[in-house]
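For reference, the structure discussed in these notes is given below.
The values are calculated or read from the model by the stated rules, or taken from the named source; none is laboratory data. All figures in this text were calculated on a predicted structure; none of them were measured in a lab. Quick reminder, even Gly has a Cβ in these numbers, built from the backbone with ideal geometry, and neighbours come from all protein chains shown. Heavy atoms of the whole protein, side chains included, go into the accessibility calculation; ligands, DNA and RNA do not. Shrake-Rupley method; radii C 1.70, N 1.55, O 1.52, S 1.80 Å.
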Amino acid sequence: MSEPKRMVVAVSVATVWTKPESPRPLDEPALKRPADIREWLKRMTVDDKLDLCEANRVQTQILYGTSVLAVEEQGDWVKVIIPQQATRKEASGYPGWVPRRQLVPETETPAGAKRAEVVADKAWLYGSPADSGEQLLELSFLTSLPVLEEAEEWVKVQTPADGIGYLKAAEVRLIDGPLAPRPMEGHIGREIVEAGKRFLDLPYLWGGLSSYGYDCSGFAHSMHRYFGILIPRDASDQARQGTLIEKDQLEPGDLLFFAYEEGKGAVHHVGIYAGDNRMIHSPESIKSIEIVDLSTYKLAKEHSVSRRYWN
């Protein structure tokens, strides 16, 4: 492709693969339109989930309605750049491959339109403003769509590929742009921790960036984004930005990074400091989001640096 094309994600969660050959037969539910993320997760054993990382199959994920740049085509696949996910891998945004069927050309939205952002853990997109209406898609936390009309109980939204849709007003917040406004008052770090606690016991997913499953940096990225704070996608990049915080100055919401060679090597994990020498994090494929005591945490000796993004 000579010129990048603006396209939009047309499935609830699009998994971004390292290359078109990366998916396995068991990954088929994640490649469809609509994508069946629940079925995909149900199919995978722990070993299958570990293989997503060990075989370098998955890079990240993108939510329904997210705008991306299509920069290359290969058969039924499109290489995309995700501007909302900053990375050293590519200056313009996170790169990876998505099935062509999961993308549609971007269309213009009404000038000055607000966006409805899902703040429930998950929310159904309906075909009509009624509980008995057709359920079109189950959307992840932080999915955002242009608003066409507001009512007391329902918000009418423009979808990328499913026509007009409706979201329950109680399950979304209205924002004026692609990112919620950053709070000006209160201890935002503590609020980041409280937001994270909603997802305790959610199983880890390598590359996960949705409320169906987060990886460690995807969890940190999403909890910050909820408060209008956009941080890099990967732990290794997150550890290089923000404000450096010494160990005796840690406050809830600060990010703790862990590196090989007892903290001297490459960063491989991130968690959110929860206060009282505890951390909330999405740990690894055999576990779920949890709060741990840092004094007994198995990676304690690998703590390398701490960063703050919320002040």
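Do we have Glu72 as farther than 22 Å from Asp234 by Cβ and either modelled with pLDDT of 95 or more or not in a strand (DSSP E or B) (or both) here?
On the way: farther than 22 Å from Asp234 by Cβ: no; either modelled with pLDDT of 95 or more or not in a strand (DSSP E or B) (or both): yes.
In short, no.
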message = Take the conditions over 22 Å from the mean Cα position of the chain (by Cα), within 17 Å of Arg190 (Cβ to Cβ) and either touching a residue at least 12 places away in the same chain (Cβ under 8 Å) or open to solvent by 40 Å² or more (accessible area, probe 1.4 Å) (or both) and apply them to Asp276. Does it pass?
response = yes
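One line per residue, one yes/no per condition, for (1) crowded, with 18+ Cβ neighbours inside 10 Å; (2) within 16 Å of Tyr212 (Cα to Cα):
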site	(1), (2)
Glu28	no, no
Arg38	no, yes
Met44	yes, yes
Val58	yes, yes
Gln61	yes, yes
Tyr64	yes, yes
Ser67	no, no
Ala70	yes, no
Gln74	no, no
key: From Tyr226, Tyr204, Tyr166, Tyr214, residue being among the hydroxyl-bearing types (Ser, Thr, Tyr) and open to solvent by less than 10 Å² (accessible area, probe 1.4 Å)   = Tyr214
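Checking the conditions here, which among Ile82, Ile62 is in contact with a Gly (Cβ under 6 Å, 6 or more places away or on another chain), among the aliphatic types (A, V, I, L, M) and closer than 24 Å to Val147 by Cβ?
Result: Ile82 is the single residue among Ile82, Ile62 that is in contact with a Gly (Cβ under 6 Å, 6 or more places away or on another chain), among the aliphatic types (A, V, I, L, M) and closer than 24 Å to Val147 by Cβ.
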Meets criteria (in contact with a Cys (Cβ under 9 Å, 6 or more places away or on another chain), over 25 Å from Trp17 (Cβ atoms) and not charged (D, E, K, R)) for Gly253 = no
task = Assess whether Val104 counts as being part of a strand (DSSP E or B) and surrounded by fewer than 21 Cβ atoms within 10 Å (Cβ to Cβ).
result = yes
request  = Give the residue that is modelled with the lowest pLDDT, with candidates limited to residues of the range 107-119 that are among the charged types (D, E, K, R) and either in contact with a Pro (Cβ under 8 Å, 6 or more places away or on another chain) or open to solvent by 80 Å² or more (accessible area, probe 1.4 Å) (or both).
outcome  = Glu108
message = I'd like the residue in the range 120-138 that is more than 30 Å from Asp76 (Cα to Cα) and buried (at least 16 other Cβ atoms within 10 Å of the Cβ) and, out of all such residues, is modelled with the highest pLDDT.
response = Ala120
task = For Gly96, state whether it is within 27 Å of Asp237 (Cβ to Cβ), in contact (Cβ under 8 Å) with a residue 24 or more places away in the chain and either in a strand (DSSP E or B) or open to solvent by 20 Å² or more (accessible area, probe 1.4 Å) (or both).
result = yes
ask   = When you scan the range 1-69 for strands (runs of 3 or more DSSP E) that lie fully inside it, which ones turn up with 1 or more residues that are over 24 Å from Glu138 (Cβ atoms) and in contact (Cβ under 8 Å) with a residue 24 or more places away in the chain?
value = 5-9
task = Could you please find all residues in the range 201-214 being under 15 Å from Leu63 (Cβ atoms) and out of contact with any His (no Cβ under 8 Å at 6 or more places or on another chain)?
result = Leu205, Gly207, Gly208, Ser210, Ser211, Tyr212, Gly213, Tyr214
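Can you pull out every residue in the range 253-262 that is closer than 17 Å to Cys216 by Cα and not aromatic (Phe, Trp, Tyr)?
Gly253, Asp254, Leu255, Leu256, Ala259
Checking the conditions here, which among Glu251, Glu262, Glu185 is in contact (Cβ under 8 Å) with a residue 60 or more places away in the chain and either among the acidic types (Asp, Glu) or open to solvent by 10 Å² or more (accessible area, probe 1.4 Å) (or both)?
Glu251
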